[in-house]
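Read-outs: derived from the displayed coordinates by stated rules, not from any lab. These figures come from a predicted structure and were not determined experimentally. Here the Cβ is made from the backbone with ideal geometry for all residues, glycine too, and neighbour counts use every protein chain on show.
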Amino acid sequence: MSRQVHSQEIRAAVYQKLQDRGVAIEDIAWIVKEMQGPYNPELTMETCINAVHAVLQKRELQHALLVGIELDVLAEKGMLSEPIQSIIASDEGLFGCDETLALGSVFGYGSIAVTTFGHLDKQKIGIIRKLDTKRGDGIHTFLDDLVASIAASASSRIAHHDRDQQERDSVVPFLPTLDVPEENAG
């Protein structure tokens, strides 16, 4: 019989699995700072860390992380059937399921997240590069892309919050009123 898993248990599992796989929140925040720093020179690591934590509260991303990390671990243990075992273990170049899973989780953060994910997937910045190297340090076929999706989503979140703050701080000299007919008039 299955049970309903509480969101706190899922969240704790995500943080634990990231830690177990050698990914610190600060590693991801560093990438966020690299992505958003040119647009906001006053951006702090604290803001980037907070954005990463906020993104990690999203259930869809939590589920994607748990599935992707589990597949990486099973491949490390040789517990997948062929040919998927070899495909994941070698991070086959034409295997796109890892990017597809990661990309699906950035859609909630808009086009900035999508384009940033594409950039990170190609450039392999920071911890993403370390995870992507195939030198006996474990299999991270899914995790490197999922870390890129976290960083891309957090980057987008910061960009949107910065714009919202700019608009709150700006004085709008004049907003025209629209002559909108009242409902049920007449």
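If the condition is being surrounded by 15 or more Cβ atoms within 10 Å (Cβ to Cβ) and part of a loop (DSSP other than H, G, I, E, B), then the range 44-86 contributes 56, 58, 80.
If you go through the range 20-39 and pick out every residue that is more than 16 Å from the chain's Cα centre (by Cα) and either polar (S, T, N, Q) or not in a loop (DSSP other than H, G, I, E, B) (or both), you end up with 1. All of (1) closer than 17 Å to residue 65 by Cα; (2) in a helix (DSSP H, G or I) hold for residue 138 with one exception: (2). Pick from the range 1-23 the residues that are surrounded by 13 or more Cβ atoms within 10 Å (Cβ to Cβ) and not charged (D, E, K, R): which of them is farthest from residue 62 (Cα to Cα)? Among them, the one singled out is 22.
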